[in-house]
1. In region 5-41, which residue that is at negative phi and polar (S, T, N, Q) is surrounded by the fewest Cβ atoms within 10 Å (Cβ to Cβ)?
2. Please identify the pairs in which a residue from region 21-36 that is over 21 Å from residue 8 (Cα atoms) has its Cβ atom under 9 Å from the Cβ atom of a residue that is assigned to a strand (DSSP E or B), counting only partners at least 6 apart or on another chain.
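Please treat every number below as a calculation from the coordinates, not as lab data. Remember, it's a predicted structure, so these values are computed and weren't measured experimentally. Using ideal geometry, Cβ is built from the backbone for each residue, glycine included, and neighbour counts are taken over all protein chains shown.
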Amino acid sequence: MLLATSTLTPGIDEDIFVEAGQPLDPRLPVQLVLAGSELVYDIRQGQRY
């Protein structure tokens, strides 16, 4: 399920995250975080909190 709160606009820095399963379910991990057009977290790289 995709939960969008805004639109992505070319040339504008946006922060987005991707999680597995239902949005806002605290039991599921965040999969990917992009902040300011940079990858800051990727669960596939073995990063943990």
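1. Per the criteria, the residue is 5.
2. 25/19; 28/19; 29/19
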